[in-house]
Amino acid sequence: MFIGEYRHTLDDKGRIAIPAKLRYSKIGEEEYWVATKGFDHCLFVYPKNEWNVIVKKLNERLTLTRKEDRSFLRMFVSPANEQTVDKQGRIVISQSLREYARVKRDVVILGAINRIEIWSEENWNKYREENEKSFDSLGEKIADLGL
C-alpha cells in the first residue's frame, strides 16, 4: 500500500527518485513501473502488477463501440510507458507526461493506496488549498463506506 507525501526534484534528464518507502512497499517490490496521465493534471505511476490489474478491468468493462470509452482508453493508455527503476531508485518521466502535469523541477509524490501520484509542486499546493476546505463535506458524502 502506498501512503505519504514526499517532496523531490526532477533532474535535468527528466528523472525522479521514487522514495524508498514507496519503492519497497509490499505492492511495489518489482522493478517495473508504468507512468501515465492521471486526473487533475497529475501523473499516475503504477507498479507493473497493479497496472496489469487496471488494464484487465478496463478491458472487461469498456467497449470500443462507445465513443467515451474509446476516448478514455486513448488518453489513459497511449501516453503510458513502462519504466525500470535505476540503481538510485529513479524513473524517467517522458517529456509529454511532464508537459501534461506541468512538471518542471519541484514535485510532490503522493502515495495513493494502489498507485503513486506525481504532481508539480505548484499544482499540488493549489489543489490542496481548494480541496481542504471541502474535506469534511466530502467525508460526509462517503459515510456509507462505513469508515
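Since every read-out is calculated from the coordinates, none of them should be taken as a lab result. Not measured: the values here are computed from a predicted model. Here Cβ is always computed from backbone atoms with ideal geometry, including for glycine, and neighbour counts include all displayed protein chains.
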Identify which of R66, R15, R98 has the largest mean-square fluctuation in a Gaussian network model of the chain, with springs joining Cα atoms closer than 10 Å.
-> R66
Förster radius 35 Å - calculated FRET efficiency between K87 and R128 (Cβ-Cβ, nearest 0.05) | 0.60
Can you list the aspartates and glutamates whose alpha carbon is less than 13 Å from that of K126, not counting same-chain residues fewer than 8 positions off?
-> D40
For K13, the aspartates and glutamates lying under 19 Å Cα to Cα, once residues fewer than eight places off in the same chain are dropped, come out as E82, D86, E99, D106, E121
Give, in nm to one decimal, the length gained when the segment between K57 and A20 is fully stretched (0.36 nm per residue of separation minus the Cα-Cα distance).
-> 10.5 nm
Rounded to whole Hz and in sequence order, give me ³J(HN,Hα) for region 118-130 from the Karplus expression 6.51 cos²θ - 1.76 cosθ + 1.60, θ = phi - 60°, writing x for Gly and Pro.
-> 10, 10, 5, 4, 4, 4, 5, 4, 5, 4, 4, 4, 5
In nm, spacing of pseudo-spin labels at I142 and E99 (7 Å Cα→C-beta vector) | 3.3
Entries in K87/K133; K21/K67; K56/K141; K56/K87 that, when Cα-Cα distance is taken, lie over 32 Å = K87/K133; K21/K67
